[in-house]
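Some notes on the structure that comes next.
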Amino acid sequence: MSDVYYDSQHNRLVFIEQQANPAFWDDHWESQKRDTAYAQKVPEKNIIVSYTRKYLPRGSTVLEGGCGLARNSWFLKLDGYPPIALDMAAVT
């Protein structure tokens, strides 16, 4: 499946190569996996952690819907925000 259309409400061109179903996301995230040693420290410039710090006190629970490999949720956990990470891809 391949579809291209103009979204006039958001002034953008949209290209859809295939349906984003759970199998698509499992395949996508499988190709993105790597050693988890990268995740021992919160990156200094992680935008999700920066915004969360700006608006929520530490200890606040954060929901990350469509989390994929849950890297942002992991960084939030390391920074003192208990996450709830959800993704439609069961294997991921």
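Just name the residue that is most open to solvent (accessible area, probe 1.4 Å) out of those in the stretch 3-22 that are part of a strand (DSSP E or B) and under 22 Å from residue 89 (Cβ atoms).
Going residue by residue through the stretch 3-22, those that are part of a strand (DSSP E or B) are 3-7, 12-16.
Subset that is under 22 Å from residue 89 (Cβ atoms): 3, 14-16.
Working: 3: 74, 14: 26, 15: 122, 16: 52 Å².
In this case the residue turns out to be 15.
Does the stretch 57-84 hold any residues that are touching a strand residue (DSSP E or B) at 6+ places or on another chain (Cβ under 8 Å), without any contact (Cβ under 8 Å) to a residue 24 or more places away in the chain and open to solvent by 30 Å² or more (accessible area, probe 1.4 Å), and which are they? 61, 63, 64, 65, 66, 77, 82, 83, 84 - these are the residues of the stretch 57-84 that are touching a strand residue (DSSP E or B) at 6+ places or on another chain (Cβ under 8 Å), without any contact (Cβ under 8 Å) to a residue 24 or more places away in the chain and open to solvent by 30 Å² or more (accessible area, probe 1.4 Å).
When you scan the stretch 39-85, how many residues do you find that are under 30 Å from residue 21 (Cβ atoms), assigned to a helix (DSSP H, G or I) and not aliphatic (A, V, I, L, M)? Counting residues in the stretch 39-85 that are under 30 Å from residue 21 (Cβ atoms), assigned to a helix (DSSP H, G or I) and not aliphatic (A, V, I, L, M) gives 8.
Tell me, which residue of the stretch 25-52 that is of a type in the set (Ser, Thr, Tyr) and open to solvent by less than 100 Å² (accessible area, probe 1.4 Å) is modelled with the lowest pLDDT?
Taking the stretch 25-52 first, the residues of a type in the set (Ser, Thr, Tyr) are 31, 36, 38, 50-52.
After this cut, where a residue has to be open to solvent by less than 100 Å² (accessible area, probe 1.4 Å) as well, the list is 31, 36, 38, 50, 52.
On the way: 31: 71, 36: 58, 38: 55, 50: 92, 52: 94.
Top of the filtered list is 38.
The values are calculated or read from the model by the stated rules, or taken from the named source; none is laboratory data. This is a predicted model, so every value here is computed, not measured. Neighbour counts are summed over all protein chains in view; Cβ atoms, including those assigned to glycine, are modelled from backbone coordinates with ideal geometry. What goes into the accessible areas is simple: the full protein's heavy atoms, side chains included, and nothing from ligands, DNA or RNA. Shrake-Rupley method; radii C 1.70, N 1.55, O 1.52, S 1.80 Å.
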